[in-house]
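Take a look at the structure set out below.
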Number of protein chains: 4
Amino acid sequence: MSTATLPLSPLPHIPAEVRCAQDYEDLARHFIAAPSLAYIAGGCGRDSSVLANRMALEELAIVPRLLRDLKAGHTRLDLLGRSLSHPLLLAPVAYQTLVHPRGELETARGAAAMEAALIVSTLASHTLEAIAAQGPGERWFQLYFQPDRGVTEDLVRRAEASGYQVLVVTLDASIKTPSLSALKAGFEMPEQVRAVNLDPYPMPPPIQLMRGQSRIFQGVMAFAPGWDDLAWLVDRSRLPVVVKGVLHPDDARRLKAMGVAGQVVSNHGGRALDGAVASVRLLPRVRAAVGEHYPLLVDGGVRSGADVFRMLALGADAVLLGRLQLYALAVAGSLGVAHMLKLLREELELCMAQAGCASLADIRQDMIYRERDEA
Amino acid sequence: MSTATLPLSPLPHIPAEVRCAQDYEDLARHFIAAPSLAYIAGGCGRDSSVLANRMALEELAIVPRLLRDLKAGHTRLDLLGRSLSHPLLLAPVAYQTLVHPRGELETARGAAAMEAALIVSTLASHTLEAIAAQGPGERWFQLYFQPDRGVTEDLVRRAEASGYQVLVVTLDASIKTPSLSALKAGFEMPEQVRAVNLDPYPMPPPIQLMRGQSRIFQGVMAFAPGWDDLAWLVDRSRLPVVVKGVLHPDDARRLKAMGVAGQVVSNHGGRALDGAVASVRLLPRVRAAVGEHYPLLVDGGVRSGADVFRMLALGADAVLLGRLQLYALAVAGSLGVAHMLKLLREELELCMAQAGCASLADIRQDMIYRERDEA
Amino acid sequence: MSTATLPLSPLPHIPAEVRCAQDYEDLARHFIAAPSLAYIAGGCGRDSSVLANRMALEELAIVPRLLRDLKAGHTRLDLLGRSLSHPLLLAPVAYQTLVHPRGELETARGAAAMEAALIVSTLASHTLEAIAAQGPGERWFQLYFQPDRGVTEDLVRRAEASGYQVLVVTLDASIKTPSLSALKAGFEMPEQVRAVNLDPYPMPPPIQLMRGQSRIFQGVMAFAPGWDDLAWLVDRSRLPVVVKGVLHPDDARRLKAMGVAGQVVSNHGGRALDGAVASVRLLPRVRAAVGEHYPLLVDGGVRSGADVFRMLALGADAVLLGRLQLYALAVAGSLGVAHMLKLLREELELCMAQAGCASLADIRQDMIYRERDEA
Amino acid sequence: MSTATLPLSPLPHIPAEVRCAQDYEDLARHFIAAPSLAYIAGGCGRDSSVLANRMALEELAIVPRLLRDLKAGHTRLDLLGRSLSHPLLLAPVAYQTLVHPRGELETARGAAAMEAALIVSTLASHTLEAIAAQGPGERWFQLYFQPDRGVTEDLVRRAEASGYQVLVVTLDASIKTPSLSALKAGFEMPEQVRAVNLDPYPMPPPIQLMRGQSRIFQGVMAFAPGWDDLAWLVDRSRLPVVVKGVLHPDDARRLKAMGVAGQVVSNHGGRALDGAVASVRLLPRVRAAVGEHYPLLVDGGVRSGADVFRMLALGADAVLLGRLQLYALAVAGSLGVAHMLKLLREELELCMAQAGCASLADIRQDMIYRERDEA
């Protein structure tokens, strides 16, 4: 492997020039090798859905309210039976040693410092057990279905045994390739950065395609889970099961009906299908589909407290942070992650204050003005 | 402090190259130190609401009318019991010695020369009494609620005693920070530029946060006013009370019902909440909420007589000028302020003439064509 | 005067590199002094309505039709009792010696060669009589109301006596100033380029404003015509009277009702009011207001046969060409004007052929698809 | 002729840097002479409809579905009585020796390798017989009506005799000129690149225009076909007749009623009328006009599997590839064409997989989210 993709040295302190959460994005270029940064910042294909996520958020204008009583203001919420200090979760992000030598271990400590729920990826570059050993904290486990049900179940059992509190099953996008810009930048995943959680299990047998079969349908999608697999998982898991990757309201309705405990509206940060709709665009329809009191999370393009506010106003209970998490980790390890969360939380609180919202429940859709609305 | 943020020398005459009010904006870069200009031109955060104000105005096309009788044409209006020569008011802008050594004193003289109502800020860098002493003129006082009601009331009494005619209470945005671009430009408010109106009063005691409390909700917002505070003020003030910072129609409705004499639709020039809706977007809804005969003002992005016309057509009785005021002040002191007002008034009159409006009352919403309207 | 604003030498032949009418616009920079070009290309203020005209046309997509019989195809029309070979008219453009030594005389010969109606401006830099003396041709006279009715009537009589066939009264925009870009380029009208048609008449007396009067309303607009003036003119003119500068449907309705023979939907090429709506946007509403069989013309932003088609599809009977006329005149005099008209006519015919229109009457609104239409 | 327009040497292998079908477009500049590339990439006029095709596709966001059973996934379809492996057809593209010495012969071999239907142009630079002799494969013949019915019929008979399976009659755009950018780049068709299929036939007699006749209507359109010509052709052809160039729903309805077997919604890749609507915009209306079970194809701007998916979702049964075909041919001959088709097919399959579509019939309009849809 080329050393060009290895992380540069993170800072041992919070950088003075960071004034808002998004500043970590600007700063990250000094701490992440260019090909890796292209891989992280990009989505897939020509990155059109990455851009779509950002554009869709930008066009949502916020309508402030006046004179509301904010003295008891807070950002607490109950979600999936958990009491959270705030609605900022760290999205499952794979392979974090790509940007920091200690990777997920640092992220876990930063999250714990700010009482943020961390969703640990199946594809983490440290074991879920090692991450759990970083001390107490809200931790959820993100699961990718494995070709073998036994392996899948073993991952669930390990998560349960290590104290993970929620199971987040990612259902979108079994196939992911780096974006064209990452490929052109020469990105390759370094050998030593790998999905160590899967080390104990045998590799699935290679798929032999017959003449006329499709490399996609009968090949890479051969082990894609179906509704029966999900039902099996919901049945076997002792943890509440949340599905990540929902965009179509009909899927949301059916998932809720089958006992899924919550859902994450997501286009996988634009990394799954180049051309996929921005997640925030479908959020109101998905909320309408599942009804008012059902755990709904979202990710895709969040860079500021105002973005969090927009997501909550359009129906989300909480948001997941992907790229910001990696950028802060790269810049200053656990300190960076904690600082980014602190900034983002205060930005959210400031936005809530200006919109007269003393609690998350006060954030309502009529505080958003869309360009297409009539004047 | 760095001398870099001190004002450069204003001209003793009207600059020949200024042909329209907005030209003062272009010229100001030669008269305001770069960090200060970044602070003034910017809003907060990434300046998205500053841009939104401008974009929203630009997309409103004007539909001229023909052959109307304009011989008795004028721009007079009665507003809040005051007779005004025209609907151009100078918005409350703090700390004006940042751009001109004599600051608000010059502004007051320029305003008087053009019979423009000046709204003096609580945070003026000259005392409200010294500004009032600049001679006769329409002057209103802008009030920020202070942590102590006694202090708040004393400010009101001082304004009444000095002959101010209207009280404008700003309710948006208790928290304001310079925009990221101003911070990156190294802007800091010079020590000698300060809110001298508050000199007589003791500093409020520092807030001690308890563990788990929010620096925003229980900290900086601790003394934010509520509906009862406003009711108290309306009751105590001998002057008509106007509320500035309204965007949501429901707030407008409630404010009118509680006896507030008028309102300013405003997102604080994009300085309060980055992501806030452009004020002109909500103007028609607020007008609809308060009904036809109720004093409604607006600010946000006005650079030309056509912009004033657009604001009036969508429901405003008058407009407030913020940045243009500072730019003209910086360029040529009171002469600049008066000249800018004269240009803007003539631009408005020209626009009215082309739209066949002999008086402000003739300016109607059907003279505006929006891109989204069907053809 | 500076020689910098004088025209450069026009070509004695059609330039080989011109392949479509709009190419004259690209080429004109080599034949018109920069300040003059800024004056011509610009509108007024910041040129926003110039841009609006172009943008509004660009977003109108054409829906072709198939297999129609085009063997008898032609572009003839009857308009205001005149038989025209095609719907391309030369708009009244003042001061043409600014771009060509022989100015309107050349334009008239180019128009005649292509059987295009030429509308001669009151502010032409050759007399209407001299222009008429260029030989036979369809010629209309554009009239600005003069402060003195006697002068106005004399202009009408001169036009009638010289064989002009239609009277086009421009009602928008009594006040016009060069755009800011033209002023910044140093444009001034050369002394020898002037409105010679007005030479015989005394200058109107200067207006003395009283204190409190407006330089706009009681000054420059003092002699602006009213509905009674127009009624007087319609009554006195032996020629059919067409009104130019209509945008609001209510004005169109009233003008038709009072006996005006036809109308030109126009924002004066963006030269009258910076911020005025694009003329093509209001065209469908004006057509709806005046009904199907009433002469309606339009100008504003036409650069190609497709643009002409768009205008006709949205309700115009014919279009006026302003800037293209000047550009072609500057490049190659009468040859340029004729060539530009020939190209434009063929572009229109080509567009009609592809849309299956054998005559102008076949061009219908359902051949236009607007972005905002639902799919 | 200038050698500047001759093709550069194509590669004898698939280029390593091509990762998606659209990469052939980027690479083509190294294999096609600049003037020829301008001719191919451009449309006509100022290329506005070329851009419109791309923009219209880009704004269609895809809404993925979850957990669908894809094990039997495939892209097969029955179309016009033909069994096709996938819905990717090679559009009729004229003069292919412009970009590759063996031109259409290579294209035919590449198409056959990927089981793609190839539509051979009347204006091919190899004879339809020579192309047919490249071996078995799905081949359709594209017909332009000739001035002489005997010639037209002879072309049909030759196609039938050579084993072509479908007749595609192009009805848009009898007149086509290179775009302005191609003309400015100096493009001229090389003499040795010509429509050899027409070699056996006499040149049609030159048209003599009478005074007052139009070079367009009575000249170049003189032999344009009418409804009776099409009826004659449908009657004479032993092959199913498909019409290419449909955009207006009324035309689609009438064509279906008269027995046309299928239609291609197309603006000729933006090459026919500069200003024509993007084909995908009208696709839903045309589908609505012809009903559910009627062969409908489309072209215009397709660069990726996601674009194919968008077209199918909005009503197409299959899509035609024009420029991608030429780019791949130029880069690597038949290998390039086959590789491009393979990539595009896999991109489509990947998109289908993510949208939960196991067959083309599963691709539905509710998987597309348009910006203008309400949220």
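Quick note: the coordinates plus some simple rules give every number you see, no bench work behind them. All values reported here derive from a predicted model rather than from experimental measurement. Here the Cβ positions follow ideal geometry from the backbone for every residue, glycine too, while neighbour counts run over all protein chains shown.
Numbers below:
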read-out: Nearest-first distances (nm) between copies at D:H293, label 7 Å from Cα via Cβ; value: 4.9, 4.9, 6.9
read-out: Structure-based [θ]222 nm, chain C - -39500 (n - 2.57) summed over DSSP H runs of at least 4, per residue, nearest 500; value: -10500 deg cm²/dmol
read-out: Per-residue mean of C-beta atoms belonging to partner chains within 10 Å, peptide B:326-334; value: 0
read-out: Cα-centre dipole for segment D:1-90 with unit charges at Cβ (Lys and Arg positive, Asp and Glu negative), debye to 20; value: 300
read-out: Cα-based Kirkwood hydrodynamic radius, the protein assembly as shown, one decimal, Å; value: 35.9
read-out: Average other protein chain Cβ within 10 Å of Cβ, residues B:55-63; value: 5
read-out: Subset of A:K184/D:K342; C:K176/C:K244; B:K176/B:K244; D:K176/D:K244 violating a 19 Å alpha-carbon distance limit; value: A:K184/D:K342
read-out: Segment A:112-229, relative contact order [Cα under 8 Å, separation at least 6], %; value: 31
read-out: Counted charge near A:A272, where neighbours are those whose Cβ lies closer than 10 Å (Asp, Glu -1; Lys, Arg +1); value: 0
read-out: Per-residue Cβ neighbour rank within 10 angstrom, fewest leading, B:L90, D:L183, A:L8; value: A:L8, D:L183, B:L90
read-out: Relative contact order [Cα under 8 Å, 6+ residues apart], chain D, whole percent; value: 30
read-out: Simple Cβ-charge dipole of chain D, Lys/Arg +1 and Asp/Glu -1, about Cα centre, in debye nearest 20; value: 260
read-out: Isotropic mean projected area of the C-alpha convex hull, segment A:233-333 (nm²); value: 7.5
read-out: Given charges at beta-carbon only (K, R positive; D, E negative), |dipole| of segment D:239-344 in Debye; value: 40
read-out: Bridge type composition, the protein assembly as shown - antiparallel percent by DSSP, nearest 5; value: 20
read-out: Cα-based equivalent ellipsoid of segment A:21-83: semi-axis lengths in Å, sorted from largest, via gyration tensor; value: 34, 18, 15
read-out: Phi-based couplings in Hz for segment B:126-138 (Karplus 6.51, -1.76, 1.60; Gly and Pro marked x); value: 10, 5, 4, 5, 5, 5, 4, 6, 6, x, x, x, 6
read-out: Whole-number D in µm² s⁻¹ for segment B:180-233, Kirkwood Cα-pair radius fed into Stokes-Einstein, 25 °C, 0.890 mPa s; value: 165
read-out: Net +/- balance of residues flanking D:V243 in space, Cβ distance below 11 Å, scoring K and R +1, D and E -1; value: +1
read-out: Interatomic Cα distance distribution for segment A:91-207, bins of 5 angstrom, percent; value: 2, 11, 20, 23, 20, 14, 8, 3, 0
read-out: Along each principal axis, Cα extent of chain D, largest first, Å; value: 67, 48, 41
read-out: Radius 13 Å from Cβ of A:I175, net charge of other residues (Lys, Arg +1; Asp, Glu -1); value: -2
read-out: Sequence of C:E138, C:E153 once ranked by neighbouring C-beta atoms within 10 Å, starting from the fewest; value: C:E153, C:E138
read-out: ³J(HN,Hα) computed for each position of segment C:358-364 - Karplus, 6.51 cos²θ - 1.76 cosθ + 1.60, integer Hz, glycine/proline x; value: 8, 8, 4, 5, 7, 7, 10
read-out: Computed P(r) (all Cα pairs; segment B:1-140; 10 Å bins; percent); value: 9, 28, 37, 20, 5, 0
read-out: Average partner coverage of B:212-225, which counts Cβ from other chains inside 10 Å; value: 6
read-out: Label spacing, shortest first and in nm, from C:D78 to its equivalents in the remaining copies (7 angstrom along Cα→Cβ); value: 5.8, 5.8, 8.3
read-out: Packing-based ranking, highest mean first, of A:185-193, A:80-88, C:332-340, D:11-19 given that Cβ atoms within 10 Å are counted; value: C:332-340, A:80-88, A:185-193, D:11-19
read-out: Enclosed volume per residue, in Å³, of the convex hull spanned by Cα atoms of segment B:148-254; value: 178
read-out: Options B:H30, B:H268, B:Q96, ranked by Cα towards positive dipole end of chain B, top entry (Cβ charges); value: B:H268
read-out: Other-chain or far-sequence residues with amide H under 5 Å of C:L90's (modelled H); value: C:A117, C:L118, C:I119, C:L321
read-out: Relative contact order %, segment A:213-297, counting alpha carbon pairs below 8 Å whose residues are six or more apart; value: 27
read-out: Built amide H within the under 5 Å cut-off of A:L79, gap 5+; value: A:L84
read-out: Label 7 Å beyond Cα on the Cβ vector: D:P101 copy-to-copy distances, nm; value: 5.9, 5.9, 8.3
